[in-house]
Structure formats: structure tokens, C-alpha cells
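Visitor: Starting off with a structure, shown below.
Nothing in this text is a laboratory measurement; each read-out follows from the coordinates by a stated rule. Just so we're clear, the structure is a prediction, and the values are computed from it rather than from any experiment. Note: ideal-geometry Cβ built from the backbone for every residue, glycine included; neighbour counts use all protein chains shown.
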Amino acid sequence: MRSNKFFAIIIIIFIAYSLIACNNPSTSKPGPAEDTLDKISDTASNNPPQNYKQVYRSTDISPMDMIYYPIDYPKLKMANAIKTGPSARIIYSRPHLQGRQLFKDILRYGEMWRLGANEATELAIYKPVTIENRQINPGRYTLYCIPDSLSWTIILNNNADIWGLRPDSTKDIARFTATVKPSAYKLEYFTMQFEDTDTGTDLVMAWENTEARLPIKFK
């Protein structure tokens, strides 16, 4: 009889503990600090399932990305929320730290960088824009960068469809200065995005704990 009571007490304790755990999900919910780009991993690219083979091309661990201005233009167009065409688009590949330090193992202050990975980063302008009081006409351009601790020099070049490691400086058409500040997060992947401003947009370029901004005005 005492043994039956003992087991009954154990079962009641177990059921009570299970109910408490189910009603308290906060222990497993990620906090704001976890919701950052440094949670992205490329393990899926490096370790495909054993039953599958990538027979055509190897998977690049620096993924290609595309950003538009207006922001999310393709989604706006699909939803019939916008009637005009895009103003600008950037296509770039996103290198990542992989345990390295940005300005020790990857980049150097004062040295040319392709502002991404793989092919040269492309800026397509569909309408005239103004950057630092200089008008840039519609066209396809490549972007390069010379980073420094206080600012980044952004180079606009008109030699498109090339690999990014060997820029042709004879085809540079303009240089601009992007302001630099510490980033709120440590970013594993190099990231570019447009952010709305009162006069147009800022092209935001961020990696590790550094963020650079280049204002762009639209007519």
C-alpha cells in the first residue's frame, strides 16, 4: 500500500513539472541580442546530404544578394502597390568572417576592396541621382571601396561584368566619401541595404562592427 502511494506521488510531481515547463516557454525563446546576422551559417553549403551530389557547380559560400530602391520593390510591384519603375538596384556577393578579424585578416585600411566577393559589385541606376552634389546618369556601374577608420571612399566605375579583384581605374568616373560609425551588432556577413531618408536613401554598408553610409538623392 505504501509503495502504491509513493508511485502516485511521483506521478503527480512529474505531471506538475511538465505543466510548468509547457507554460514557461521564455527559457527557450531567443532574446533581441540573438536576432542578428551572425546566426547565419554556411554549414548547409559545406555538408550536403550524403545521398545527393552537386554535379553541375559547387555551392558558393558567399551568397549573392540583390537590393532595390524603393526598398522591396519587387514585392511592391507584385502587390500592385507601386506603379513606377525602380530607381536603383545593387547586386553583390556576401563574404563572411569565418572566425577572422575584418581589418586584420581580410581588409587593410587604405587598400582597394571590391565591396563584396566574387564578381564586381554592380549598381544599376534607372533614374538620375545626385551623390555629393554630382549627378549620376542612368546606367550600370561597378562599385569599389577604399576603407579607412573614419570614412570609406566609394568608387564608381563604368566597367561592368567583370571579376572584382582587378578593377580598371582608367574607367573610374567618380569617388565619394561614406561616413563610418560603429555598428550596433557584430555582423558575420557583409551586408548592403538601402534605408529611406528625407531626401532619398542611404546606401548602408556594414560588416563586423563597422557601418558606412552613402547618401543618395533622387529627383
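Visitor: Name the residues of the range 77-97 whose amide N is less than 15 Å from a point 7 angstrom out from the Cα of Met64 along the C-beta direction?
Guide: 90-95
Visitor: Looking at the range 61-219, I'd like the Rg to Rh ratio, where Rg is from alpha-carbon atoms and Rh is Kirkwood's inverse mean 1/r.
Guide: Over the Cα atoms of the range 61-219, Rg/Rh equals 0.95.
Visitor: Let me ask another. What FRET efficiency do you get for Ile106 and Asp161 if R0 is 22 Å and r is their Cβ-Cβ distance, rounded to the nearest 0.05?
Guide: Rounded to the nearest 0.05, the efficiency is 0.30.
Visitor: Tell me which trypsin sites (Lys or Arg not before Pro) from the range 61-159 have a DSSP coil assignment and no more than 14 other beta carbons within 10 Å of their own.
Guide: Lys83, Arg100, Arg108
Visitor: Report, in listed order, any pair from Lys83/Lys217; Lys53/Lys77; Lys77/Lys186 with a Cα-Cα distance greater than 27 Å.
Guide: Checking Cα-Cα distances, Lys53/Lys77; Lys77/Lys186 exceed 27 Å.
Visitor: Can you list the residues, at least 5 places off or on another chain, whose amide H is less than 5 Å from the amide H of Glu208, using H built in the peptide plane?
Guide: Leu187
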